[in-house]
1. Go through the range 12-24 and report how many residues are part of a loop (DSSP other than H, G, I, E, B) and surrounded by 23 or more Cβ atoms within 10 Å (Cβ to Cβ).
2. Could you tell me whether the range 142-156 includes any residue that is buried (at least 22 other Cβ atoms within 10 Å of the Cβ), under 26 Å from Pro204 (Cβ atoms), among the charged types (D, E, K, R) and at pLDDT below 90?
3. Given the options Ala53, Ala29, name the one that is more than 15 Å from Asn92 (Cα to Cα), modelled with pLDDT under 95, in a helix (DSSP H, G or I) and under 22 Å from the mean Cα position of the chain (by Cα).
4. Does Ser44 count as over 23 Å from Glu150 (Cβ atoms), touching a strand residue (DSSP E or B) at 6+ places or on another chain (Cβ under 9 Å) and either of a type outside the set (Val, Ile, Thr) or in contact (Cβ under 8 Å) with a residue 60 or more places away in the chain (or both)?
5. Can you name the residue in the range 160-190 that is within 19 Å of Gln87 (Cβ to Cβ) and buried (at least 23 other Cβ atoms within 10 Å of the Cβ) and is also modelled with the lowest pLDDT among such residues?
6. Quick check on this structure: which one of Ala210, Ala256, Ala197 is of a type in the set (Gly, Ala, Ser) and within 21 Å of the chain's Cα centre (by Cα)?
7. Out of the strands (runs of 3 or more DSSP E) lying entirely within the range 60-156, which hold 1 or more residues that are touching a residue at least 40 places away in the same chain (Cβ under 8 Å) and within 19 Å of the chain's Cα centre (by Cα)?
8. Just to be sure, is Lys199 within 27 Å of Thr313 (Cβ to Cβ), modelled with pLDDT under 95 and surrounded by fewer than 15 Cβ atoms within 10 Å (Cβ to Cβ)?
Amino acid sequence: MHFSDLGIAPTILRALETAGYTSPTEVQAQAVPAAIAGRDLLVSAQTGSGKTAAFLLPALTKLSARSTGKGQGPRVLVLTPTRELAQQVEKNALEYGKDLRWMKTVCLVGGSSFGYQTRALSRPVDLVVATPGRLMDHMRSGRIDFSRLEMLVLDEADRMLDMGFIEDIETIVKATPETRQTVLFSATLDGIVGRMAEKMTRDPQRIEIARTETSGGTIEEHLLYADDLNHKHRLLDHILKESGFDQCVIFSATKAYSEELADKLSDQGYSAACLHGDMPQSWRNRTLNDLRRGRIKILVATDVAARGIDVPTITHVVNFDLPKQAEDYVHRIGRTGRAGRDGTAITLAESKEFHKVRRIEQYLKRQITEGVIEGMEPTRRPPKGPRRNGKPGGYGDRRPGSGGRGGYQGNRREGGYQGQRREGGYQGSRGPRNSSDRSRSNAQ
C-alpha cells in the first residue's frame, strides 16, 4: 500500500514524496482513510507506530480546502500532554503541509512567550497545537475562538489524564462545536480513557493496533539489580566507562535528582546536562539543540521532558530510576535505536523494586534479560517466585546477558561476566525494534 491509496490531498502527497515517505504504517493505513471520511476515531497504538502522521495527514487534507466559515479561530486543534510533543507535532505539520502556503499554525505551550502567542491568535489561524494548561490560559482571557473548529485531536490522551488534565480537557471539549470531528489516540482505550472518549465522540470507529516488533534498528535490553543508591552509582559509572556510547540519555525520577546527577557526571569530566519540566523553555531549547549537535554526550532527563526527543546518535538509554508507569518504559528506551540504528537500553533497579519490574514485563508481554557485572553483584536478591510466563524469577533464572567490554553476564568466561558476544555491542533480549515510521520510508 502507498500513501496515494489513502485519499490524501495531492499537495500533501507531494510533500511526503519529497521527504522520502512512501509506505504507510498499519495505524496510518487504517486511521487516515477513516478520518478523511469524517469518522470519529478511537485509536490505540504503541509508541513509534506513526500515529502523529495518522492524524496530521487527514487534518492537513481537510485544511487543503480553504474554509468558507467566518471567524479567525483554528479549524484543527491538537491537544498533547507536553510542550516538547506539541512542538514536534507542529514541526511535522509544517513539513507535511509545506505546500499549503496559506496555512497558519501556532503552538500554545507553557514556557514560551505569552505575548507572541496572543499576537498569533489575533490573526486567522488554521492549526493550533497546544497543551491543555496553556490553552486554558488563553480561553480564560477570551483570546481564542472555536466557532469554526472542524477537527479536535487528543494525542496521548492517557498521558494527559495521568498528568491531571481531565478537568481542563472536559472544559475545552465543551467549548468546541458539537459538529466537530473528534480523533483520540491513546496507548489504551480502557478505564477512564474509554469513559471520557464515549462522552466526546459520536459513533466512533475503534482502531486497535497490536504491539509488534517491526523491522529496523533493534534495541538490546538489559536489567541490573542493585542493593542501594550507592550500588546503582557504581553500576552507572561502569556502564559509562565500558559501554563505548556515542550519546546517552539517563532517566531520573525527579527534577532535583536529574540536576544532581548531571552535575555529578560533569564533575567526572563528561559533557552532561539535565532536562526537566521546571527549566525555562529557552534553556530546554538550547539543551536539545546542543544534544542534536553533539555538544552534549549525556542527557539526564525526567519522563515528561524527554517526550519527543529524536536524536539518531543516541546509542544508549539508562533507566537510573524505574518509570512510574509501565508505558513510560517503552517511551524511554525508544530514545535510542532510531533511524534504523541499533541501540542499548539498560535498566537499574533495586532488589526491593522487583514487583515494578514484573509490571513492566507484564506490559511488554516478555521478559527483560537479567545480568550482573562481575565484582558488582547484588547481595540482595529478588524473590524467586513465578514470573509472568510461569518461569522461575529472580537470580535463580539466569539467562545469557550481553557481551562487550566489561559487559553483562550470561555465562561466566575468563576476564569478566560475558554473555553471547556479538560484533558491535551487547546481545540480550530484543526490545521493540524501530517501527517503520522511524525510518525515512515512512512518515513520523
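The values are calculated or read from the model by the stated rules, or taken from the named source; none is laboratory data. For clarity, every value in this text was computed on a predicted model and none was experimentally measured. Note: ideal-geometry Cβ built from the backbone for every residue, glycine included; neighbour counts use all protein chains shown.
1. So the answer is 2.
2. Of the residues in the range 142-156, the ones buried (at least 22 other Cβ atoms within 10 Å of the Cβ) are 144, 149, 151-156.
Now restrict to residues that are under 26 Å from Pro204 (Cβ atoms): 144, 149, 151-156.
Now restrict to residues that are among the charged types (D, E, K, R): 155-156.
Going one step further and asking which of them are at pLDDT below 90, we end up with 156.
There is at least one residue in the range 142-156 that is buried (at least 22 other Cβ atoms within 10 Å of the Cβ), under 26 Å from Pro204 (Cβ atoms), among the charged types (D, E, K, R) and at pLDDT below 90.
3. Details: Ala53 fails: more than 15 Å from Asn92 (Cα to Cα).
So the residue among Ala53, Ala29 that is more than 15 Å from Asn92 (Cα to Cα), modelled with pLDDT under 95, in a helix (DSSP H, G or I) and under 22 Å from the mean Cα position of the chain (by Cα) is Ala29.
4. The answer is yes for Ser44.
5. By that ranking, first place goes to Met160.
6. Going through Ala210, Ala256, Ala197 in turn, the sole match is Ala210.
7. Per the criteria, 76-79, 127-130, 151-154.
8. Values: within 27 Å of Thr313 (Cβ to Cβ): no; modelled with pLDDT under 95: yes; surrounded by fewer than 15 Cβ atoms within 10 Å (Cβ to Cβ): yes.
Spelling it out, it is not the case that Lys199 is within 27 Å of Thr313 (Cβ to Cβ), modelled with pLDDT under 95 and surrounded by fewer than 15 Cβ atoms within 10 Å (Cβ to Cβ).
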